[in-house]
Every structure is written in C-alpha cells, then in structure tokens.
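Undergrad: Have a look at this one before I ask anything.
The values are calculated or read from the model by the stated rules, or taken from the named source; none is laboratory data. None of these values were measured; they are calculated from a predicted model. As a convention, Cβ positions derive from the backbone with ideal geometry for all residues, glycine included, and neighbour counts pool all protein chains shown. Ligands, DNA and RNA are excluded from the accessible area calculation, which covers all protein heavy atoms including side chains. Shrake-Rupley method; radii C 1.70, N 1.55, O 1.52, S 1.80 Å.
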Amino acid sequence: MDTKAIEELIAIMDKAELTALCVDDGETKIELERSHGPLPSSALPLMADRVSALLAGKTESHEAAALEDVDKDSLLVRSPMVGMFYLSPSPDEDPFVKVGQEVLSGQTMAIVEAMKMMNEITAPTPGVVVEVLAANGTQVEYDQPLFRIATAEAR
C-alpha cells in the first residue's frame, strides 16, 4: 500500500466523519484513528515509526517486540483486561495523566471499562509518563501496553 492509498483512506474518514478505520488486504493491515483533541508533539515520532513499519510490511508481533526493546530504563503499564480505554473520568474533564507528568505509585492513570465496570489503571511505580500507547476511547486487549513510564532509577 502506498502513500496515495493512505491519503485516500484519510479522505474517506474525513468525508464520512469516522474516528477509526481498519483495512486489511491480506498483506498489509492499516488502522487509522483520530482523537478529538490535539496530539502531543511527542506522539508524532511514534506514529511515524508505526506507519513506516506498516508500509514496510512488518506485522503487529514485530511491532510489539520492538516496543519491548525500545528502552530498558522504562516500564510498560499494561491493560489487565479487555475493555474500552479512557484517559479521563469523563469526556469533558482533563486526562488523569499527560506525557511528561510525574506519577506516584498507585496513582490513577486511566480507566478500562469492562462489562459496565470502571477499572482504574494505576501507576505500578513512581516515574514520569513518557508515552501514551493507546488512544482514548478505543478497545484494548489483555496485556496491551497502555503507557510507558520512565522509572525513578532511570532519571
């Protein structure tokens, strides 16, 4: 799939006012998603790497393996269950945490809704939020990385 095809998919999303689109042609799988707020500048290099990996034909397992090996001085916060991921307590409130924010052990970072139950995702250790790896309002899987935290030892 070339850049022009991706641009056409984005145009389709714009025209139909979609927030997400998934296309799988057997060889390449592309998932496009937009949030309602502005993207933090720290998310742009991560997105560029993911799009490049998709265009290069890497699979999700390669991406997950690369995610693990990116930084040994940080910790991935993973989803304990399948559900809907929310960065804030409600759509009109500020997110629990932002990139660059210092968190304490046990501090609420997000919510995963499963079977109408809101489950808090808490920081397992003190540190600084380096990346938000899941988009607000999207379905997350069990053990999916949600956040990357630079641990106190790494700072």
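Undergrad: With every protein chain left in place, what is the accessible area per residue of the stretch 70-155 in square angstrom, probe 1.4 Å?
TA: Accessible area per residue: 55 Å².
Undergrad: Report the FRET efficiency, 1/(1 + (r/R0)^6), for ILE6 and ASP73, where r is their Cβ-Cβ distance and R0 is 30 Å, rounded to 0.05.
TA: Calculated value: 0.35.
Undergrad: Given H placed on each backbone N at 1.01 Å, which residues far from ILE121 in sequence or on other chains put an amide H within less than 5 Å of it?
TA: Sorted by chain and number, the residues that satisfy this are MET109, ALA110, ILE111, VAL112.
Undergrad: Follow-up. Using R₀ = 35 Å, calculate the FRET efficiency as 1/(1 + (r/R₀)^6) where r is the Cβ-Cβ separation of GLU93 and GLU141; round to 0.05.
TA: Calculated value: 0.85.
Undergrad: Taking R0 as 25 Å, what's the FRET efficiency between GLN107 and MET81 from their Cβ-Cβ distance, rounded to 0.05?
TA: Working: r = 19 Å, r/R0 = 0.77.
Once the sixth-power term is evaluated, E becomes 0.85.
Undergrad: If you don't mind, another one. Based on the mean of other beta carbon atoms within 10 Å per residue, what is the order of 124-131, 141-148, 6-13, 97-104, most packed first?
TA: By packing density, highest mean first, the sequence is 124-131, 141-148, 97-104, 6-13.
Undergrad: Right, here's the next one. By a straight-distance test (C-alpha under 16 Å), which lysines pair with LYS4 as possible cross-link partners, with residues fewer than eight away in the same chain excluded?
TA: Of all the lysines, those that pass the test against LYS4 - Cα under 16 Å, at least 8 places apart if same chain - are LYS29.
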